[in-house]
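Visitor: Just passing along the structure, written as structure tokens.
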Amino acid sequence: MSISLTCLYLAAVILKQFIKKHWQEDEEGFEHPVVSSDEKVAIRGLLLPLLDDPHRKICTAIGMAVASIAHCDWPEDWPDLLPSLMKCISDQTNMNAVHGALRCLALVSADLDDMMVPKLVPVLFPCLHTIVSSPQIYEKPLRMKALSIVYACTSMLGAMSGVYKAETTGMMAPMLPSWIKQFSLILEHPVQSEDPDDWSIRMEVIKCLNQFLQNFPSLMESQFRVFMGPLWQTFVSSLGVYTRSSIEGIEDPYDGRYDSDGAEQSLESFIIQLFEFLLTILGSPKFVKVVGSNVKELVYYTIAFMQTTDQQVHTWSIDANQYVADEDDNTYSCRASGALLLEEVISSCGTHGIHAIIDSAKTRFSESQQEKASGASSWWKMREATLFALASVSEQLLEAEVPEMTKVSLGNTLEQILSEDMATGVNEYPFLYARMFSSIAKFSSMVSQGLIEHFLYTAIKALSVDMPPPVKVGACRALSQLLPDTNKEILRPHFLDLFSSLTDLLKHASDETMHLVLETLQETVKAGPEFAVSTEPVLSPIILNMWASNVADPFVSIDALEVLEAIKNAPGCMHPLVSRVLPYIGPILNKPHQQPEGLVAGSLDLVTMLLKNAPTHIVKAVYEVSFDPVVRIVLQSDDHSEMQNATQCLAALISGGKEELLAWGGDTAFAMRSLLDVASRLLDPDLESSGALFVGSYILQLILHLPSQMAQHIRDLVAALVRRMQSCKISGLRSSLLVIFARLVHMSAPHVEQFIELLISIPAEGHPNSFAYIMFEWTKQQGEIQGAYQIKVTTTALALLLSTKHVELGKLNVQGHLIQSTAGITTRSKAKTAPDQWTLVPLPGKILASLADTLIEIQEQVLVGGDEDSDWEEVQEGDVETDEAVVLSSSVIPRGRPSYDYLDAMAKAFDEDGDDGDDDDLLSGADPLNEINLVNYIVDFLKKFAHSDGAIFSHLLQSLTKAQQDAIQMVLKQ
């Protein structure tokens with residue numbers, strides 16, 4: 001731009017910033033002074049005529065200024081905005097004005113609410129339709145801009161349709177057929193390789209169709225067959241363009257090109273948008289039936305889109321890290337979108353979809369054989385894409401309930417592909433080899449043991465010789481996934497070579513490849529633990545150095561710690577590893593302020609790892625090096641990660657050392673006082689919640705393993721816990737503190753009422769007493785508590801409290817259910833209104849409801865199958881049940897008398913669901929409450945309650961929802 005044009009552009013940008021800061025007082029970022037009413041009128045009057053500026057940057061900046069004003073003033077204070085823009089759009093003699101008005105409307109439409117859209121759409125859509133349907137008058141960029149406005153408005157109509165379904169449907173019904181006809185005209189011609197504007201306008205059409213389909217499915221049902229043919233034409237013809245430009249790289253893919261408004265014109269983005277729309281179609285029970293007969297063709301073409309592009313091959317060949325990153329992250333690409341579509345094919349089409357995938361894979365494999373025989377250099381791409389497609393849905397294929405012949409057929413196909421490709425040149429086709437390695441790991445149960453062993457030997461050999469990086473990556477993937485289930489005896493002669501190769505590979509690894517090598521090394525140690533003791537002197541120092549130099553990178557440091565833990569657990573390795581680590585860790589913990597960022601927190605993690613499942617003499621050795629400095633870190637550090645890790649470290653020390661720990665330092669009283677000082681700081685209400693995140697686990701160890709020492713401090717502990725909870729900003733911390741209260745309830749049994757009296761005697765700010773406060777928070781948060789141990793302790797403690805029949809329970813009201821707010825979507829004005837409001841219900845009824853909810857959740861785990869989507873569709877189409885629990889009750893709870901087997905299945909489902917393998921498993925393992933069978937406990941409690949206090953029980957039962965009542969009645973019948 002010339003100097004004068006640059007000045008105009010800067011002036012427009014400055015004006016936009018001025019409007020944001022000074023236009024309206026209640027807007028975020030407002031600064032005085034405010035623009036006067038007269039000045040606003042003058043500015044609005046001056047801006048609209050400038051929208052026909054021929055220079056796009058200036059026009060866009062002015063449009064943004066207009067949109068900023070419209071955000072505040074339209075429609076009330078600027079009623080002539082829309083008529084003025086409509087006039088510009090309709091002026092076929094001034095295309096600059098058309099562009100400026102459309103650009104402005106596109107910006108305005110991004111900020112519409114449910115008050116504006118109903119006024120705008122009936123007037124605007126006919127004008128936009130005229131533009132889109134007149135290619136002889138309007139160029140593609142203008143038609144694309146019009147379509148982008150249709151998309152934005154339809155998105156808002158979709159948000160409104162949940163509340164205003166009849167109104168929005170009535171508004172769209174008369175306009176929809178003409179739009180669908182126009183969309184079909186745009187899509188029905190073959191995609192043009194030399195015209196990026198052609199892809200871009202199709203992409204806008206597909207985005208609009210996606211919105212129409214999602215938001216107005218009943219209206220689209222009659223229009224579906226109108227556009228499906230043209231859509232298929234676009235899908236099929238785009239494959240040829242994509243193959244030539246991206247996969248083969250012989251035509252310009254126009255990557256990195258932008259249109260006049262700065263929007264990227266990417267062929268891949270267009271294809272991905274196509275896949276997203278097809279996902280919407282497949283995900284709808286209404287529309288998937290229509291495309292069901294062509295699902296095999298859909299899969300057949302999708303596999304072709306999943307081939308590696310010329311650019312990917314180039315990038316991955318020179319950067320193994322990028323290859324690993326793209327494989328792990330499932331990045332934004334045609335390959336990733338194609339994989340998602342195949343998953344949806346199986347989810348929506350079931351066995352029919354599985355057969356379509358297997359048959360298409362066979363066809364593509366056969367075609368690649370023909371290409372190979374004809375001498376085509378890129379034959380391997382279709383073969384790799386076929387394996388990639390199958391591997392992307394491996395879990396669904398393996399878990400599907402299909403005839404045995406289907407699985408045998410798939411296994412035979414895989415055996416044929418893998419066996420044949422093993423004979424190809426590894427250096428010539430490294431990405432095919434890499435895909436074979438990762439595929440064999442995913443389908444190990446479907447291929448012969450002999451083939452698996454052959455791949456294992458090949459993978460081990462690939463790591464020991466000079467191979468292309470992708471091949472080594474694939475070999476690591478195969479080994480890390482196959483080793484856990486492989487017969488270790490057949491690999492015994494190769495373990496030392498494997499250790500040597502991985503150790504050498506680790507020395508040269510970086511970034512993402514480091515993660516993969518560490519993962520493979522961990523599985524190798526676990527698979528051949530008897531060989532770890534001979535390699536530990538070499539391996540441990542390398543891993544420790546890698547851990548230390550990458551301690552600020554959580555991914556690498558965690559992987560390194562897991563390898564060290566595997567070494568520690570191998571026979572004969574614990575003592576040498578601990579002896580190697582402790583002299584290194586001691587100076588770091590003693591001088592924390594002199595260490596690089598992250599090293600102290602990482603070292604505390606390392607110490608905690610050494611303590612897991614360690615014998616007492618190891619715990620004592622760790623204690624001697626770490627106890628005093630770790631206590632000091634908690635008391636003095638302001639670094640939240642250091643405080644968190646130090647808290648976990650002390651909890652592990654108490655769990656491993658128990659009461660003996662107090663005497664190890666020679667001064668029992670000092671050790672106990674140190675532990676209490678730690679608790680005091682972590683429970684300080686003025687300490688930020690993040691620093692105290694793991695105080696719950698720490699307090700739990702104190703009361704579990706030092707009960708006699710803690711008994712005299714219970715009152716002070718409870719008061720501190722209440723103060724900490726009242727200042728807590730993190731839900732997870734609040735939940736962990738509630739677990740402590742629940743554990744104290746259990747410890748007070750059989751005199752739970754005495755603990756209630758203790759809580760009543762302790763004040764709580766804003767509440768009658770601590771008992772009232774704790775129960776209000778506990779019953780509100782119970783459904784959010786995570787972890788099998790935590791759920792067991794809190795749920796059974798609530799039952800204990802209810803069983804006391806203490807008079808105070810009947811006096812308290814706690815949070816019930818949410819009172820629905822007024823209808824409509826949340827707009828700027830509505831967001832400033834009062835917060836959510838809840839009903840209040842008696843505490844005993846809420847506790848019984850929580851027990852019933854626990855039963856419902858466990859029943860769901862046992863009974864709910866894979867038809868949630870159809871249930872949702874049915875609810876959407878029919879009358880919506882206001883009480884979702886009633887819906888659950890009809891589909892979840894079995895009819896008739898439940899069997900003992902069913903209750904056992906419930907208990908097993910809960911234990912499996914709760915077995916999340918987190919660090920709390922170590923800390924809660926010593927607690928006998930962890931052995932509780934929660935289902936049996938609740939059932940026994942309810943039976944006793946119903947038998948001993950029938951009248952009270954019946955009264956409370958009547959206050960529950962139908963689903964909760966059914967859940968309780970079901971278990972009482974057995």
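The values are calculated or read from the model by the stated rules, or taken from the named source; none is laboratory data. Model, not experiment: these values are computed from the prediction. Counting neighbours? That spans all protein chains shown, and the Cβs are built from the backbone with ideal geometry, glycine included. Keep in mind that these areas ignore ligands, DNA and RNA; they rest on the heavy atoms of the full protein, side chains included. Shrake-Rupley method; radii C 1.70, N 1.55, O 1.52, S 1.80 Å.
Residue-by-condition table, conditions (1) open to solvent by 10 Å² or more (accessible area, probe 1.4 Å); (2) assigned to a helix (DSSP H, G or I); (3) more than 18 Å from ALA852 (Cα to Cα); (4) not basic (Lys, Arg):
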| position | (1), (2), (3), (4) |
| --- | --- |
| ILE774 | no, yes, yes, yes |
| THR779 | no, yes, no, yes |
| LYS792 | yes, yes, no, no |
| THR795 | no, yes, no, yes |
| LEU801 | no, yes, no, yes |
| LYS805 | yes, no, yes, no |
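Visitor: Scan segment 757-773 for residues that are of a type in the set (A, V, I, L, M, F, W, C), within 24 Å of GLY816 (Cβ to Cβ) and touching a helix residue (DSSP H, G or I) at 6+ places or on another chain (Cβ under 6 Å) and jot them down.
Guide: Those that are of a type in the set (A, V, I, L, M, F, W, C), within 24 Å of GLY816 (Cβ to Cβ) and touching a helix residue (DSSP H, G or I) at 6+ places or on another chain (Cβ under 6 Å): LEU759, ILE760, ALA764, PHE771.
Visitor: If I filter segment 688-701 for residues that are open to solvent by less than 60 Å² (accessible area, probe 1.4 Å), touching an Asp or Glu at 6+ places or on another chain (Cβ under 7 Å) and not aliphatic (A, V, I, L, M), do I get at least one hit?
Guide: Among the residues of segment 688-701, at least one is open to solvent by less than 60 Å² (accessible area, probe 1.4 Å), touching an Asp or Glu at 6+ places or on another chain (Cβ under 7 Å) and not aliphatic (A, V, I, L, M), which makes the answer yes.
Visitor: Just one of the numbered conditions (1) touching a residue at least 24 places away in the same chain (Cβ under 8 Å); (2) closer than 17 Å to SER603 by Cβ; (3) more than 34 Å from the chain's Cα centre (by Cα) is not true of GLN644; which one?
Guide: Result: GLN644 fails condition (3) only.
Visitor: Let me ask something additional. How about segment 277-293: which of its residues are of a type outside the set (Ser, Thr, Tyr) and open to solvent by less than 30 Å² (accessible area, probe 1.4 Å)?
Guide: Those that are of a type outside the set (Ser, Thr, Tyr) and open to solvent by less than 30 Å² (accessible area, probe 1.4 Å): PHE277, LEU278, ILE281, LEU282, PHE287, VAL288, VAL291, GLY292.
Visitor: Answer yes if at least one residue in segment 581-588 is over 30 Å from THR520 (Cβ atoms), out of contact with any Leu (no Cβ under 6 Å at 6 or more places or on another chain) and either open to solvent by less than 10 Å² (accessible area, probe 1.4 Å) or of a type outside the set (A, V, I, L, M) (or both), and no otherwise.
Guide: Yes: segment 581-588 contains one or more residues that are over 30 Å from THR520 (Cβ atoms), out of contact with any Leu (no Cβ under 6 Å at 6 or more places or on another chain) and either open to solvent by less than 10 Å² (accessible area, probe 1.4 Å) or of a type outside the set (A, V, I, L, M) (or both).
Visitor: Determine the pairs where a residue that is on the phi < 0 side of the Ramachandran plot and open to solvent by less than 10 Å² (accessible area, probe 1.4 Å), located within segment 565-580, has a partner that is part of a helix (DSSP H, G or I) and of a type in the set (Gly, Ala, Ser) with Cβ atoms under 7 Å apart, the partner being 6 or more residues away or on another chain.
Guide: Taking only residues 6 or more apart or on different chains, the pairs are ILE567/ALA532; ILE567/SER540; ALA570/ALA532; CYS573/ALA532; LEU577/SER540; VAL578/ALA621.
Visitor: Of the residues ALA70, ALA106, ALA97, only one is out of contact with any Phe, Trp or Tyr (no Cβ under 7 Å at 6 or more places or on another chain) and modelled with pLDDT under 85; which?
Guide: The match here is ALA106.
Visitor: Do we find that CYS72 is hydrophobic (A, V, I, L, M, F, W, C), open to solvent by 10 Å² or more (accessible area, probe 1.4 Å) and over 26 Å from VAL41 (Cα atoms) in this structure?
Guide: No.
Visitor: Another question, then. Return only the number of the condition from (1) in contact with a Ser or Thr (Cβ under 8 Å, 6 or more places away or on another chain); (2) surrounded by 24 or more Cβ atoms within 10 Å (Cβ to Cβ); (3) aliphatic (A, V, I, L, M) that VAL631 does not satisfy.
Guide: (2)
Visitor: Could you check segment 127-138 and list, in sequence order, the residues that are open to solvent by 40 Å² or more (accessible area, probe 1.4 Å) and either closer than 10 Å to LEU102 by Cα or free of Cβ contacts under 8 Å to residues at least 24 places away in the same chain (or both)?
Guide: Result: PRO135, GLN136.
Visitor: Also, quick follow-up: Quick check: is even one residue across segment 519-528 in contact with a Cys (Cβ under 8 Å, 6 or more places away or on another chain), in a helix (DSSP H, G or I) and touching a residue at least 60 places away in the same chain (Cβ under 8 Å)?
Guide: Within segment 519-528, not a single residue is in contact with a Cys (Cβ under 8 Å, 6 or more places away or on another chain), in a helix (DSSP H, G or I) and touching a residue at least 60 places away in the same chain (Cβ under 8 Å).
Visitor: Turning to a different aspect of this structure: Quick one: which of VAL345, VAL324 is open to solvent by less than 40 Å² (accessible area, probe 1.4 Å) and modelled with pLDDT of 95 or more?
Guide: Just a single option satisfies the conditions, and that option is VAL345.
Every residue, every condition in (1) out of contact with any strand residue (DSSP E or B) (no Cβ under 8 Å at 6 or more places or on another chain); (2) open to solvent by less than 30 Å² (accessible area, probe 1.4 Å); (3) not in a helix (DSSP H, G or I), yes or no:
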| position | (1), (2), (3) |
| --- | --- |
| LEU341 | yes, yes, no |
| CYS349 | yes, yes, no |
| GLN369 | yes, no, no |
| LEU397 | yes, yes, no |
| VAL402 | yes, yes, yes |
| GLU415 | yes, no, no |
| GLU420 | yes, no, no |
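Condition check ((1) within 21 Å of SER736 (Cα to Cα); (2) open to solvent by 10 Å² or more (accessible area, probe 1.4 Å)) across all residues:
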{"position": "LEU610", "(1), (2)": "no, no"}
{"position": "THR616", "(1), (2)": "no, yes"}
{"position": "LYS620", "(1), (2)": "no, yes"}
{"position": "SER626", "(1), (2)": "no, no"}
{"position": "ALA651", "(1), (2)": "yes, no"}
{"position": "GLU659", "(1), (2)": "no, yes"}
{"position": "THR668", "(1), (2)": "no, yes"}
{"position": "ASP677", "(1), (2)": "yes, yes"}
{"position": "LEU682", "(1), (2)": "yes, no"}
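Visitor: Residues in segment 811-852 that are open to solvent by less than 60 Å² (accessible area, probe 1.4 Å), modelled with pLDDT of 85 or more and out of contact with any strand residue (DSSP E or B) (no Cβ under 6 Å at 6 or more places or on another chain): how many?
Guide: Result for segment 811-852: 10.
Visitor: Further question on the same structure: Can you tell me which of PHE125, PHE30 is closer than 27 Å to TRP179 by Cα, under 38 Å from the mean Cα position of the chain (by Cα) and of a type in the set (Phe, Trp, Tyr)?
Guide: Of PHE125, PHE30, the one residue that is closer than 27 Å to TRP179 by Cα, under 38 Å from the mean Cα position of the chain (by Cα) and of a type in the set (Phe, Trp, Tyr) is PHE125.
Table: residues versus (1) within 30 Å of the chain's Cα centre (by Cα); (2) more than 25 Å from PRO118 (Cα to Cα); (3) loosely packed, with under 15 Cβ neighbours inside 10 Å.
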site	(1), (2), (3)
MET144	no, no, no
VAL150	no, no, no
SER155	yes, no, no
HIS189	no, yes, yes
LYS207	yes, no, no
PHE216	yes, no, no
ARG225	no, yes, yes
TYR254	no, yes, no
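Visitor: Then there is this: Scan the helices (runs of 4 or more DSSP H) fully inside segment 52-163 and keep the ones with 1 or more residues being of a type outside the set (S, T, N, Q) and closer than 27 Å to LEU10 by Cβ.
Guide: The helices (runs of 4 or more DSSP H) meeting that bar are 56-73, 81-90, 95-109, 140-161.
Visitor: Additional query: Does GLU367 qualify as being without any contact (Cβ under 8 Å) to a residue 60 or more places away in the chain and within 30 Å of GLU523 (Cα to Cα)?
Guide: Taking the combined requirement at face value, the residue does not satisfy it.
Visitor: Can I ask one more? Within segment 302-339, can you find the residues that are within 28 Å of GLU401 (Cα to Cα), aliphatic (A, V, I, L, M) and assigned to a helix (DSSP H, G or I)?
Guide: Residues satisfying the conditions are ILE303, ALA304, ALA336, ALA339.
Visitor: Hey, another quick one. Of all residues in segment 483-510 being open to solvent by less than 10 Å² (accessible area, probe 1.4 Å) and either among the charged types (D, E, K, R) or at pLDDT 90 or above (or both), which is farthest from SER557 (Cα to Cα)?
Guide: PHE495
Visitor: Additional query: Please indicate, with yes or no, whether at least one residue in segment 531-546 is within 25 Å of the chain's Cα centre (by Cα), part of a helix (DSSP H, G or I) and either farther than 19 Å from ARG477 by Cβ or modelled with pLDDT of 90 or more (or both).
Guide: The answer is no, given that none of the residues of segment 531-546 is within 25 Å of the chain's Cα centre (by Cα), part of a helix (DSSP H, G or I) and either farther than 19 Å from ARG477 by Cβ or modelled with pLDDT of 90 or more (or both).
Visitor: Moving on. Within segment 164-182, take every residue that is outside any loop (DSSP other than H, G, I, E, B) and of a type in the set (A, V, I, L, M, F, W, C) and give me the one that is most open to solvent (accessible area, probe 1.4 Å).
Guide: That would be ALA166.
Visitor: Could you tell me which numbered condition MET64 fails, if it satisfies all but one of (1) loosely packed, with under 15 Cβ neighbours inside 10 Å; (2) within 27 Å of VAL117 (Cα to Cα)?
Guide: Result: MET64 fails condition (1) only.
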